[in-house]
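Presented below is the structure to which this report refers.
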Amino acid sequence: MATVVSILLIIVALFMIVTVLLQSSEDGGISAISGQSSSNSYFSKAKSKTMEARLALGTKIAAGVFVVLSLVMLIIT
């Protein structure tokens, strides 16, 4: 059982690494924290349909699965 969870943990970690590396960097940086970003464009309103949004969603799901698998691994061992 621990071997299966370990293999799944490695696969999820690799998937998370790939999705993070495929995402483009945001130009906002620290200025986005202070509210100086320009988010009133059509692109930002339709952002949920872009590849960038799919990668962000994949990263969030992979992070959640990674945490759950890590906790399962802790309980098993």
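Where the second residue is in a helix (DSSP H, G or I) and of a type in the set (Ser, Thr, Tyr) and the first is over 23 Å from GLN23 (Cα atoms) and lies in region 56-77, which pairs have Cβ atoms under 8 Å and are six or more apart or on separate chains?
MET73/SER6
I need the helices (runs of 4 or more DSSP H) fully contained in the chain, keeping only those with at least 1 residues that are modelled with pLDDT of 95 or more and surrounded by 10 or more Cβ atoms within 10 Å (Cβ to Cβ).
Details: elements: 2-22, 30-33, 42-45, 51-76.
Answer list for the chain: 2-22, 51-76.
The values are calculated or read from the model by the stated rules, or taken from the named source; none is laboratory data. Here the structure is a predicted model, which is why all the values come from computation and not from measurement. Counting neighbours? That spans all protein chains shown, and the Cβs are built from the backbone with ideal geometry, glycine included.
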